Amino acid sequence: MITIISQKAANTFHPASNPINITVNSNNSGKCNFRYVCDIKINGTSVFKDKLFPDPATGYGFFQLNRIIQDYIDNYITKTQPTVYFNVAADGSAPDAVVSVQCVFGEEYDASLNCSGTISQYLGLATTNLFYAFNGAIDYESFLTWNYTKYMANWSSTPANTLFLTNSPREVEVTFNEPYYLDFMSLIPPTIKTTSGVGYVAMRVLIKLKNGTVQTNLFDTTSMASRKRFRLAVGPLDLNRITGMSVIDDNIASYKVCLVWAMNNAPAKPSIVSVLSEEFTFKVVRPKTFSTRLGFVGRLGSPESFTFYHRNMASYNITRSTYNKLLQTNYNGSLTYQVGDRSASTYNMQAVENHRVSTYCNRDMSEFLYEMWLSGDVWVYDLPKIMCFHTYTDGLGNLFFVLDTEDHGLNVGDFIFFTLMSGPDNTYPNPVKKVITYIDGRNIKFGDLIEIIGPVTPIVDGYSGWLHKDTSWRKLPIVISDNTIEVKQKMTKPIEYTLSYSAAYNKYTSI
């Protein structure tokens, strides 16, 4: 008979990179050639049978599962930008960012007295609780007291302070064309909005304008599959593209994101009943001359990101093989050569693109940023190019937007997001995205009128700001070249970090 001595509680969550152990005992452990048999099931499917001799001192079977479970754990980072605010953060089939685990125990032994008999198996004698393993790694000194329930969301009107799955500082800097994502766990998907008088889960975005005004925005949940792990799209690029207007622009100093329980008061506006998660603050900064935004999978399995603002120094590491061939060849029956023929020839050429970037950050970010160097999945965001502009009106009354570069890559028919600074009369229109109708070098026209949100204030001469194309980011995989990272600590002065990385693919070369 198999007895389970120690196991994981039902419906609990455990980081796959840390120990996941189960202890069993049998009253037959003293028999000849005895071994415990553990059938490990991932997402309900048997994937591995582990056999273990009993511990000599206790007779117990100490099964260590995490190395097996890790084979069925993988990052879940989409290669395109999300189109809704609430998204799943797992695809539902192993390997995945979170999987269900259950073990069925049996035993095998030789029932003879002199150990000369046949070994027989007795399977399916005991079954553990079903629990979940997720892509995560907790530090040695924190693991024994780490509590997964702090990261588990429960959907009700009861206030809660669920943590997002990140070790990042809870205040980060972002600019207008940058994405950002926050993961959280739950046994069931967030409650969606239905009929009037019924509560639901929403994402609250509390926007603080530079003039001190505070605006509250609620973004509704969308119906999602039950994946146990979910993701919010909360970067300026995400909010603007999903909403279809410049929700986050230069008029905004910062914004805070959290999950709330809201009440559907249709036809009136919904109201917030309670807060369900911690608040994450995004400080909106203006674009810099140089920027390289890197993404990486953090130690809790979530996509993290950070921007380096100094010049990106690129180089190519080239390897080549050469051989010497006969210089002469047949020219009209004569073995000779012409100027331009070669003897030394190149083959097997390979080139790897290398980069070096640096920037300054504060102490809180410094103490978190080492996770980028520890990540096995790092990438560079290829973001929509953000460009400066100013406006002018010609003698015919046509309003033009003049870009700071002719190398803008825009075409008639492209949709554009605007981020306007104050105009000459200190007004501040907030335009929705508009389609380009005319291009002449740096001069771009969007038609006779610009639609705006809020009070109607026409855009005239003297406005300036930034714009970028309405397009998704791309993910370019890289490998960090640095083998050592120093966690720097300063109380007040900015801390400089430098990162060296290589493209995770070879540069194509001509034959």
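Brief remarks follow.
- Only one of S315, S345 that is surrounded by fewer than 15 Cβ atoms within 10 Å (Cβ to Cβ) and in contact with a Phe, Trp or Tyr (Cβ under 7 Å, 6 or more places away or on another chain): S345
- As a summary of the residue check, S271 satisfies the conditions (1) over 26 Å from V378 (Cβ atoms); (2) touching a residue at least 24 places away in the same chain (Cβ under 8 Å) except for the one numbered (2).
- Verdict on N265 being surrounded by fewer than 17 Cβ atoms within 10 Å (Cβ to Cβ) and in contact with a Gly (Cβ under 9 Å, 6 or more places away or on another chain): yes
For (1) more than 18 Å from T127 (Cα to Cα); (2) in the same structural domain as N129 (by TED's automatic domain parsing); (3) modelled with pLDDT under 95, each residue gets a yes or a no:
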| site | (1), (2), (3) |
| --- | --- |
| Q7 | no, yes, no |
| T12 | no, yes, no |
| P15 | yes, yes, no |
| I20 | no, yes, no |
| V24 | no, yes, no |
| K31 | yes, yes, yes |
| C38 | no, yes, no |
| I42 | no, yes, no |
| F48 | no, yes, no |
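- If you check F308, F417, F368, F401 for being over 27 Å from I77 (Cβ atoms) and touching a Ser or Thr at 6+ places or on another chain (Cβ under 7 Å), only one passes: F401.
- Conditions (1) touching a residue at least 40 places away in the same chain (Cβ under 8 Å); (2) among the β-branched types (V, I, T); (3) closer than 28 Å to A10 by Cα; (4) surrounded by fewer than 19 Cβ atoms within 10 Å (Cβ to Cβ); number of the one not met by T221: (4)
- Qualifying strands (runs of 3 or more DSSP E) (wholly inside segment 378-422; at least 2 residues being under 33 Å from the mean Cα position of the chain (by Cα) and not polar (S, T, N, Q)): 378-382, 386-393, 415-420
- The single residue among A111, A133, A126, A97 that is among the aliphatic types (A, V, I, L, M), in contact (Cβ under 8 Å) with a residue 24 or more places away in the chain and touching a Lys or Arg at 6+ places or on another chain (Cβ under 6 Å) turns out to be A97.
- Within segment 38-116, strands (runs of 3 or more DSSP E) holding 3 or more residues that are touching a helix residue (DSSP H, G or I) at 6+ places or on another chain (Cβ under 8 Å) and over 29 Å from T221 (Cβ atoms): 45-52
- Only one of the numbered conditions (1) at negative phi; (2) out of contact with any Ser or Thr (no Cβ under 9 Å at 6 or more places or on another chain) is violated by N129, and that is (2).
- Flag if A57 is more than 27 Å from I188 (Cα to Cα) and in the same structural domain as I119 (by TED's automatic domain parsing): yes
- Residue match in segment 171-181 (condition: in contact with a Phe, Trp or Tyr (Cβ under 8 Å, 6 or more places away or on another chain), within 14 Å of S302 (Cα to Cα), assigned by TED's automatic domain parsing to the domain that holds V247 and surrounded by 15 or more Cβ atoms within 10 Å (Cβ to Cβ)): yes
- If the condition is being outside any loop (DSSP other than H, G, I, E, B), among the hydrophobic types (A, V, I, L, M, F, W, C) and in contact with a Leu (Cβ under 8 Å, 6 or more places away or on another chain), then segment 138-156 contributes only M152.
- Pairing residues of segment 356-382 that are farther than 22 Å from V479 by Cβ with residues that are aliphatic (A, V, I, L, M) and modelled with pLDDT of 95 or more, at Cβ distances under 8 Å and at least 6 apart in sequence or on separate chains, gives M365/V172.
- Subset of segment 5-27 [buried (at least 17 other Cβ atoms within 10 Å of the Cβ) and either more than 30 Å from S302 (Cα to Cα) or within 30 Å of the chain's Cα centre (by Cα) (or both)]: K8, F13, H14, P15, A16, S17, N18, I20, V24, N25, S26
- For segment 238-256, the criterion of a residue being in a strand (DSSP E or B) and within 17 Å of F164 (Cα to Cα) is satisfied by at least one position.
- Segment 452-505, subset over 24 Å from the mean Cα position of the chain (by Cα), surrounded by 11 or more Cβ atoms within 10 Å (Cβ to Cβ) and polar (S, T, N, Q), residue modelled with the lowest pLDDT: T457
- L374 more than 23 Å from V285 (Cβ to Cβ), surrounded by fewer than 13 Cβ atoms within 10 Å (Cβ to Cβ) and among the hydrophobic types (A, V, I, L, M, F, W, C): no
The values are calculated or read from the model by the stated rules, or taken from the named source; none is laboratory data. A quick note: this is a predicted structure, and the numbers were derived from the prediction, not measured. When we count neighbours, we look across all protein chains shown, and the Cβ atoms used for this are built from the backbone with ideal geometry, even at glycine.
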